[in-house]
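Computed from the coordinates by the stated procedures, all read-outs in this text should not be read as laboratory data. Quantities reported herein were computed from a predicted structural model and do not represent experimental measurements. Don't worry about glycine lacking a Cβ; one is built from the backbone with ideal geometry, like all the others, and counts go over all protein chains shown.
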Amino acid sequence: MGFSSSLSCLLILVLGFSVVHGDPVVPALCIFGDSVVDVGNNNNLYTVVKANFPPYGRDFVTHQPTGRFCNGKLATDFTAESLGFTSYPPAYLSQEARGKNLLTGANFASGASGYDERTAQLYDAIPLTQQLNNYKNYQTKVVQMVGRAKANAIFSGAIHLLSAGSSDFIQNYYINPLLNIAYSPDQFSDILMRSYTAFIQNLYGLGARRIGVTSLPPTGCLPAAITLFGAGSNQCVARLNQDAIAFNKKLNSISQSLQNKLPGLILVVFDIYQPLLDMVTKPAEKGFFESRRACCGTGTLETSLLCNAGSPGTCSNATGYVFWDGFHPSEAANEVLAGDLLSQGIPLIS
């Protein structure tokens, strides 16, 4: 048996034991970042970046739009289920984020946010610094409910997930001459890394010890990116993918040094670049038949307001599509990604 299959077996045993005994593997799940993990915080903001209308959510459990930028579940929803949670961390700005619901975590993410404060400001989203302030408020509420000692055990045992960076590049750097003339992609990555480092250090200072961060996806393969930057080609945009690879190398290196520097920190970088690239370039191997066009509309630029109930050509069955809209994976693709997250995330639960 290979090393990876041994790990997978161990993971199944651990998760199976937990779920049978009715307890999640970890006490709580807290989520930060952008539209890939936002479950409805943007519903409560004055921003055009929203997904609280059909056809978003049409394949969700309730068949209603929730604010998730997807036809159904996000990768983090599948992750919560696999960890043994019976509900998903509520959007912190929602009515559900109160009382005992907060004891198993909360979601602070905001569509169109990123490592760079200016990305969130462009779209009136919640920057990571404010997401961290909301997390502090969340901690205060948990302490009031269960006392300091038990609360600290929840914070240190909880898994904290961060997904950011895509909006910084696609919705800011590549389209913003103030940035792309002033900085090379490499220099812009360094700016993002400083923000990432501060975020991890601050989260650690608040008692978090188990943190997972997702790498950049192959940004040049997102349908919207091909439309915007592909110069009429139908292929992934190589220079964008190269920028993502370079960014991911820095992310891995800096994450390793943070883990070495901060005692007791478990920091896992989840590689979503390769799994998503595999789905795009070899869709049939993962059960997909369409990896260029998105299900909603034509898969060119559609996201948020441009993917709506009247979008022409929206597919009837999204399960064969890698992308739901121009930027975001379908529920079926998210399920595949969640499997990769779990197998890579064993250090966070062992």
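Below, the figures for the structure above:
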{"quantity": "Modelled FRET efficiency - R0 22 Å, residue 194 with residue 133, Cβ distances, 0.05 increments", "calculated": "0.70"}
{"quantity": "Exposed chymotrypsin sites (Phe, Trp or Tyr not before Pro) absent: longest stretch of the chain, with sites in DSSP loops and at most 14 other Cβ within 10 Å deemed exposed", "calculated": "47-182"}
{"quantity": "The chain: relative contact order as a whole-number percent, Cα under 8 Å and 6+ apart", "calculated": "18"}
{"quantity": "Assigned charges on the beta-carbon of Lys, Arg, Asp, Glu; the stretch 3-349 dipole about Cα centre (debye)", "calculated": "780"}
{"quantity": "Surrounding net charge for residue 43, when Lys and Arg each add one and Asp and Glu each subtract one, Cβ distance under 14 Å", "calculated": "-1"}
{"quantity": "Mean residue ellipticity (222 nm) of the chain, computed from DSSP H runs ≥ 4 via -39,500 (n - 2.57), nearest 500", "calculated": "-13000 deg cm²/dmol"}
{"quantity": "Folded to 0 to 90 degrees: helix 3-20 orientation relative to the chain principal axis, Cα", "calculated": "60"}
{"quantity": "Computed lengthening from residue 145 to residue 178, 0.36 nm per intervening residue step minus Cα-Cα distance", "calculated": "7.2 nm"}
{"quantity": "Debye intensity ratio I(q)/I(0), log10, the chain, q values 0.12, 0.15 Å⁻¹ (C-alpha model)", "calculated": "-0.83, -1.37"}
{"quantity": "Trypsin sites (Lys or Arg not before Pro) within the stretch 75-176, DSSP loop, no more than 14 other Cβ atoms inside 10 Å", "calculated": "98"}
